[in-house]
Structures are given as C-alpha cells and as structure tokens.
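These notes are about the structure you will find just below.
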Amino acid sequence: MSGPVTILIDGVEVSARPGQTILDAADEAGIYIPRLCHLPGLAPFGSCRVCTVTANGRPCASCTTPVTPGMIVENDTERLREMRRQIVEMLFSEGNHFCMFCEKSGNCELQAMAYRLGIPASRYPGIWPVRDVDSTHPDILIDRNRCILCGRCVRASRDVDGKQVFGFVGRGHGKRIAVLGDARLRDSGVDVTDAAIDVCPVGAILRKGTAFRVPIGQRRFDKEPIGADIEARKEKP
Amino acid sequence: MSETLESTVRRICRSHGGDPTRLMDIARDVQDRFGCVAPAAMDLISRITGAPRVEVESLVSFYSFLSRSPKGQVVIRLCDDIIDRMHGYHRVARAFSEELGIGLGETTADGKISLERTACIGLSDQAPAALVNEVPVTELSTDRAREIVAGLREHMDPRRLVTRSGDGQNAHPLVRAMVRNNLRQVGPLVFSEQVRGKAISNALAMSPAEVIRAVKNARLRGRGGAGFPAGMKWEYARASTGERKFVIGNADEGEPGTFKDRVLLTELPDRVFAGMTIAGYAIGAKEGILYLRGEYAYLRPYLEAVLAQRRSDGLLGPKVAGKNPFAFDIRIQMGAGAYVCGEESALLESCEGRRGDPRNRPPFPAQKGYLGGPTVVNNVETLCCVTKILEAGPAEFAQHGSTGSTGTKLLSVSGDCRLPGIYEVPFGTPLAEVLRLAQGEDAFAVQVGGPSGQLVSRTEFTRTIDYENLATGGSIMVFGPGRNLLEIVHAFLEFFADESCGYCTPCRAGTAFLLRMVERIAAGRGEPADLARMEELGLTMKAASRCGLGQTAANPVLTSLVNFRPVYDALVKEDPEGFRRSFELDKAVMEAELLSGRRSKHAGIEKGGHR
Ligand SMILES: Cc1cc2nc3c(=O)[nH]c(=O)nc-3n(C[C@H](O)[C@H](O)[C@H](O)COP(=O)(O)O)c2cc1C
Ligand code: SF4
Ligand code: FES
Ligand code: FES
C-alpha cells in the first residue's frame, strides 16, 4: 500500500490512508460526520444516508466512500445539515417513535441525532405502520415499531456472532427485520451474550429487565450531544 | 405430501448443483411446482444448499413472483400501469373479479385461480394486457376477460388461451404468443439486414484492444438509461484483474412503458448474443449471462433454442470459430418480478441468488461484479449496436445521429396515439416528430424515459431525443387532452413505492411520503406549502438515495412541478379562514370516538378544520 493521502474536509486538511472511508478518516481527525447505521467494527452498510457529504461536489455516503487523493469534502454546510434533518425526520415519521415513554430515551442515537441536528418535529405525514413486537425470549425483546432498518444487528449476528439470526424481509416501506426466517426470538438461537443484542442504535432490540435503570441526567446523551466523543479527538492547537 | 415436498425440493436443488448462488432458480422452480415457496420448503432449501434460512426468506419475500403462501394453479397478473389504466384496466379487472368471484390479490376457494396486479409487463402498446402464468394476453376487453376465465375453468391451460399468434417470431412454435411487434419504423442500424456470424468473425480477426477501439470510435453509449460509453466500460473491465470475467446482457426491461427489448429478443436474439460474445472477447470473459425479466419467461424456450443453435454453429461454446478462437458461452438467468433488479448491481445480487438490493459503489461491476469477477453489464439494445458496429464498421454507425449521441434509438411509444409501437429513429429527432409518426400530436403531456424520466409539456415538444437533451432509455408515454395529471404522477409514485428495495431511507420513506402528499393534493386537501415541501423532499431523495431508483423516484413530482405548475397551483389553496386543509378532524377523533362510544361535538361544525 502506498503512503497517506490528504483530503480536505470543510477546508481542513485531513490525512487518510488509501482505501479508508471518508467517515473513518474524519473520525480519526476528530471531525464528526453524523451517522446512524454505521458502527465501527461492523462492515460499512450505507443504508441510513445520514452521513451524506459531498465529495468533489457529488453527494455520497461518507461511510462507504473511500478517499481519493486531494478529495474535497463538504460536511458541515447548511444544505447538508438540512438534508440530514430531512432524513432523520423521515425515519421518525415512517416508524412509530414515542420517545417520551420509550425506555431507550436518553440512550437512543436517533433521538440524540434529532437533538443534535435541531429537529423540533417531523414535517412529514405520519404513516403509523402496524408492526410487530416479539417478547417470546426470556431475556431479549424486539420492538419493530422503533426499528430504523440500520442493519447493525444483521451484520453483528453474521460477522461477529457467526449466526445469521437476523435478516431483512420484504421490500420498500414493507421491509422489516426478521428472525431466522419467520421464527420467534425464543426459537431463534439468539443469546443474550450475542453482539447483535448490543448494537441497536434505538430501542428496537432490548435486554429485558434493564429499563430505566440509569437515572435521568446520567444517561448516555444527557451530558454531551451525540458525536462529542469523536470531536474530543481533535488535537488541541 | 411432505415426503413429496422433501424429495421434490431435493431434486430441484440437485438440478441446480445444490448451489446457494442459484437460489433464484431453485426458488422459481419450487414456486412453479407447488404454487408457493412455503416455510417448510424454505427450511429444506436452507438445509440442502447451506444458505442461511433468513436469506432464503429474504429472497422469497423480495420478488413479486415468489410467495410463501399458496397461489392458485393459474395466476392471472393484470398489468395496472398508467397506460393500461387509460385503456380500460379498471373495467377489465372488474370483469375478471366478477367472473372469478374474488378480488385482486385473492385466490378462488378451490385453489385454482389467483388474480393479481403487477407493474408494467412490457406490453403497453397492446394494453390492457396480463400474464396468465407465463402466457401474455393482450388487448383485453371485458368480454375477453370472461372468455379467459371460462376457458381456464374448462382446461386450466394458459397456452390454450392463445387463439392467434402475433407477427414475426411471435408465431415461432417455441413462442406461440399473441403478442405483436408493432414495428412501426425500422431504421438503418439496429433493424438493418444482418449477416449472421459476420460481426463475430470480424471481431475475432482483430485484437481485443482493437475491438474496444472500434466501439469507442463509434462513440457508442449505453442504451439502458445511464448512457455510459460502452467502450470505456469494456476497457475498465479488460484492465481489471480477475480469474473469471463476465458479460451480462441486461434484459430486465422494467421501466414502465418500454418494450423495445422484448421486440429485440423476439426478432434479433442472434444480434444480442453476438454482442455479448464480442464483449466477452474484448474483455477476456468466457461466461455470459442474459438476465431475463420474469415477465418475459414466455421467450425463454425460444431463446434457449437460439443459444443451442449458436453452439452447434460454432458461434458459442468451447471454441468460437474465427481467426483467434476463444471459449464463450451464455446462460439465461430468470428474474422474478422486481424493477430494481434492472439496476446493474442489484442485478448482480439477483444473479448470485439473493434479494435485489443494489450494492455500494465502488467497487463498480467492471472492477468487481458477478461472483467477484470483473463484469460488463450492457443493455440488450446496446449489445445489438455492438454487433452492428463490428459488422459495418464504426464510421458507418457514427454517421447516424448527432455528435454526442451517435446511432439510432429504439423508442417504445404508447398511450394516446394512433400508432403505438417501436420506432427506430436517429438521435437528434425532435419529440414532435416522434409524436407525428405515432399520430399522437394532440398530446398535452409526454413522459419521456418512463417514470424515472421527465414529464414534458407541449412547449417542449421541439426538444430532441438524445443524451444531451431529452435522454431516454426508450419509453415514450403519450397523454392526450383530458387526462388527469395528478393521476399520472400518482401512478408513477405508486410504482416507485412498490419497487423500492427498502434499503436506504430517502427512497424507502421518501417514496411513501411523496405518495401520500400527492394523494392529499389530488383530494383537494393540499396547501401551497406542500408544493415546496415535496420539492425539498424530492431533491433530498435525488441527492441522498443509494441507487438510481431513489435518485429518480421523485422525478414525476419534480418535473411536473416545473412543467405543469398551474395544475398544482389550482389544486392547493390557502384556506381563507386559516384552517389547515390537510387536517381531518373527523379522522383525528375517530379512534377516540370508538373508544368512548360517543360522537364528538365537532360533528356540528361544518368546516372539518383545525386552526
Ligand atoms: C432502478 C433501475 C432500473 C434499471 N433497469 C434497467 C433495465 O431494465 N435495463 C437496462 O438495460 N438497464 C437498466 N438500468 C440501468 C443499468 O443499471 C445499467 O446502467 C445498464 O444496464 C448498463 O447498460 P448500458 O450501458 O448498455 O445501458 C436500470 C437502472 C436503475 C437505477
Ligand atoms: S435508492 Fe431505493 S432502490 Fe436504491 S438502494 Fe435505496 S431503497 Fe433501494
Ligand atoms: S452512516 Fe452512512 S449511510 Fe448510514
Ligand atoms: S427513544 Fe425510543 S427508539 Fe429512540
């Protein structure tokens, strides 16, 4: 492999390895690009599109697009922020999200993203789909009302747990997460120790008996907005 | 019964080598045999092929021609595309429904006949049309619908519904379809006289690099919609390293209103296969795949026979005869009802036996395509052009059309015109000329390039058909005076919402919202602000969607908002009393009323609005 390449993110020079994605390079440089489906350690997926940036003027998902030498990336522009707000609003309106009494509240990446992007309410017509809840497993619960189809559980189950318990079925707006085909969680071979259980960004896959343990004020996003950990990596001048 | 299921599924899996990448074929065969791919069959397929159970389910749930619950022995699929709707789809559907005693999406109680709707089946020039299992039936009327049901009740054999064959090879014993070619204008290139085998022998007398140069000199651009220069694509694939390389002929033809590939496959399959063979020689591939949409399954036996003939003539096989003999063969991969599978990377997924989710790019197919090997995907018409270029030389080809768009284009013209059908015109032909030829001059709007293209108004009929101006994969839908613009836009949005693979947010959710917003406007409950909101949403879908489907799915809205603004403006109104027109008080309180068992007092308020 050849040496590092330099790219420009919002005018800041960032050094990246050839083949590295824009998002990974930005992370290392302490520049936060909003994202929902991406999770370090899992294969890039490119489904939520929240990480959309422009690279040499063309919009692309930064989590799946590799850097090229001299690439000019725009990330924090009003146009892109607005696009991300719209995408996050779409995720809210296509599912059934009631943050005020959701046990993931305060630890939810979707909710935190809405706060970070400054979304007061969704502008899209609510669809209120009828979706299934599966609580047949003694320790694990899946509530599809809150699923944002990020595919993290699919990837974790396949690539980390070596099981392929989760997968997508259907298409378009009818797409949903399935367990081993049409099985119930109880019969799926999923274990409470599986990585797939811990990667859900929202309150769709949950461990039973852990709800509301952490008091308000100490939850994951109570003190700092989502992405603050990445921004903390930026070298202080 | 379960023993038969097990042994049959075993036999089917075995006939496809137990290969999990051939899951499409396996699932299709199981569907054909049992009328469904039931959970028990999926368990078996998973066990035998080693494909994870959830992937089998995922595949079966994705394609509209596969189902986990039983379908009738005969499935009638009515095409409900906008063109069919304009030509009496609703009447015909009602006749079928009454005669069968079932609604759309249902199966008769005896389990014999199912009635369904489907997207465009490539017969818009002879609408309304339907598929009865694999057999196309065209120009349906209510009487014909009743006859079909009576016939099926009697013999349950869709092939016997074909009382007269169409023209040309539609009458070939292996096709025997009532489909007509409607070949209205034959141009100097694609439909010119052909000399069988000449293009291949010319190509094999050249080096692969010279073949690529010839295609580049002809300045051939892809005919499938995106217009990518074919020679350049081949050059990338040639330069990519990989043990196995592949050439794929894209015969998915899913864009509503196009049917030119159907006619090419019927009349010029040798040209298509020769083009694939030449591409194989040029990039160093030994294997070719024709991806044939499920709707065209009736052409398969005939196409297989053409392939067999080419093998025995030495035009395919271990030693394609010529100055530099090389090995090349072609297999047919059937699709199963999914528009997105025409997108080249989704097509690759489908060929590998998975649901048709497009892939992330890079890598591009030319770098890493089918089974990881460098792969060229070309449209059927592009491949016919390749054959012509190698037959007559690049100069002859490039002398037709315009500088940036050489050659001719096949147009599939349908809708409100007297002569729907196929027109081969040189690039640069004005739309008005096409309308004159097809006798549809009084159109008030024309959809150029199918739902993913643009809806243009009369003032734009002077624009020319070419890559620089009105680009089109071939679909030209003509809408005469009196047609309802919002009904057209709505039909297209329904199509995209149905066909989105669901992978990415802007397309999956955006199509669902646009559909609802247009419904609201059409119902007279739209507000002026809705128009701006639809436009914003459309632009986000265009920029942020993962593949061409989502990137173009808002085009019906975006282009009609520009070209037919007054129609929208007349429908959306600011409420004089400041009510939000989109808000329906009755609906909003309905659930509460049901729960409480009382009617809300607002029932007395005349204006069902909300300040
Ligand atoms: C949603 C979608 C559907 C498509 N459907 C087709 C199709 O049915 N046939 C086709 O040739 N190309 C289709 N394409 C274009 C292909 O991705 C690809 O560009 C084309 O097959 C390349 O061949 P060409 O360069 O010869 O045109 C589609 C693209 C998209 C985004
Ligand atoms: S744009 Fe639509 S069809 Fe394409 S990947 Fe996204 S959801 Fe799937
Ligand atoms: S984080 Fe890149 S698409 Fe979701
Ligand atoms: S707060 Fe419950 S899923 Fe986000």
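The values are calculated or read from the model by the stated rules, or taken from the named source; none is laboratory data. Quick caveat: nothing in here was measured; it's all calculated off a predicted structure. Every residue, glycine among them, receives a Cβ derived from its backbone with ideal geometry; neighbour counts consider all protein chains shown. Remember, those area values only see protein heavy atoms, side chains included, never the ligands or the DNA or RNA. Shrake-Rupley method; radii C 1.70, N 1.55, O 1.52, S 1.80 Å.
Brief remarks follow.
- Beyond 18 Å in Cα-Cα separation lie the following of the pairs B:LYS198/B:LYS388; A:LYS104/A:LYS223; A:LYS104/A:LYS208; B:LYS216/B:LYS286; B:LYS260/B:LYS286: B:LYS216/B:LYS286; B:LYS260/B:LYS286.
- Charge dipole of region A:85-207 (Cα centre as origin; +1 on each Lys and Arg Cβ, -1 on each Asp and Glu Cβ, all else neutral): 440 debye, rounded to the nearest 20.
- When nucleic acids and ligands are ignored and a 1.4 Å probe is applied, A:THR193 ends up with an accessible area of around 120 Å².
- Ranking B:LEU104, B:LEU595, B:LEU558, A:LEU36 from most to least accessible surface, computed with a 1.4 Å probe over the protein chains only, gives B:LEU595, B:LEU104, B:LEU558, A:LEU36.
- Accessible area in square angstrom per residue, the protein assembly as shown, 1.4 angstrom probe: 39 Å²
- Derived scalar couplings between HN and Hα for region B:374-379 equal x, 9, 9, 10, 10, 5 Hz in order, rounded to whole Hz, by the Karplus curve 6.51 cos²θ - 1.76 cosθ + 1.60 (θ = phi - 60°), x for Gly and Pro.
- Reported to the nearest whole Å, the Cα centre-to-centre distance from region B:432-506 to region B:31-89 is 30.
- Portion, in percent, of the accessible area of region B:397-505 that falls on carbon or sulfur, probe 1.4 Å: 49 percent
- Annotation: amide H of A:ILE9 within the under-5 Å range of A:VAL14, A:VAL73, sequence separation 5 or more or interchain, hydrogens built in the peptide plane.
- Cα gyration tensor shape of region B:374-517, rounded if a/c is under 1.5, else prolate or oblate by comparing a/b with b/c: oblate
- For the pair A:GLU82 and B:ALA327, label points projected 7 Å from Cα toward Cβ lie 5.8 nm apart.
- Under 27 Å from B:LYS112, Cα to Cα: lysines that are on another chain or at least 8 residues apart: B:LYS71
- The long axis of helix A:78-94 is offset from the longest Cα principal axis of chain A by roughly 10 degrees.
- Per-residue SASA entry for B:TYR236, accessible area with 1.4 Å probe, Å² rounded to 10: 120 Å²
- Two-site label geometry, A:ARG17 and B:ALA171: point separation in nm, points 7 Å out along Cα→Cβ: 6.8 nm
- Ranked by how many other beta carbons lie within 10 Å on average, peptides B:438-450, B:50-62 from highest: B:50-62, B:438-450
- Using the rule -39500 (n - 2.57) for each DSSP H run of four or more residues, divided by the residues of chain B, the 222 nm mean residue ellipticity is -12500 deg cm²/dmol.
- Only protein heavy atoms count here; on that basis, with a 1.4 Å probe, B:TRP234 has an accessible area of about 0 Å².
- The mean number of partner chain beta-carbon atoms within 10 angstrom of a residue's beta-carbon across peptide A:58-68 is 3.
- Rule-of-thumb Rg ratio for region B:246-399 [Cα; 2.2 N^0.38 Å; N residues]: 1.00
- The candidates B:LYS286, B:LYS388, arranged from most to least accessible area with a 1.4 Å probe in the full protein assembly, appear as B:LYS286, B:LYS388.
- In the protein assembly as shown the Cα-Cα distances spread across 10 Å bins starting at 0 as 2, 12, 21, 25, 22, 13, 4, 1, 0 percent of all pairs.
- Protein accessible area in region B:74-163, 1.4 Å probe - carbon and sulfur %: 42 percent
- Chains B and A, summed buried accessible surface - 1.4 Å probe, Å², nearest 100: 3300 Å²
- Charge dipole of the protein assembly as shown about the Cα centre (unit charges at C-beta), most positive-ward option of B:VAL340, B:SER46, A:PRO225: B:SER46
- Summing charges over all other residues whose Cβ lies under 13 Å from the Cβ of B:TYR298, with Lys and Arg as +1 and Asp and Glu as -1, gives +3.
- Which of B:PRO430, B:LEU410, B:PRO362, positive extreme of dipole for region B:344-501 (C-beta unit charges): B:PRO362
- Cα shape, region B:428-487, gyration tensor, a/c 1.5 rule: oblate
- Dipole check for region B:2-62: with +1 at the C-beta of Lys and Arg, -1 at the C-beta of Asp and Glu, and the Cα centre as origin, the magnitude is about 120 Debye.
- Reduction of at least 50 Å² in accessible surface, 1.4 Å probe, comparing all protein chains with the chain by itself, residues of region B:26-56: B:VAL54
- Between region B:108-131 and region A:21-69, the Cα center-to-center distance that results, in Å: 44 Å
- Amide H to amide H, with H built 1.01 Å from N, B:ASP575 comes under 5 Å of B:ARG581, counting only residues 5 or more places away or on other chains.
- Mean per-residue shielding of peptide A:174-187 is 4, counting Cβ atoms of other chains within 10 Å of each Cβ.
- Percent RCO, i.e. relative contact order, over chain B, from Cα pairs under 8 Å lying at least 6 residues apart: 12 percent
- Between B:GLN309 and B:LYS573, the simple label model (points 7 Å from Cα in the Cβ direction) yields a spacing of 6.4 nm.
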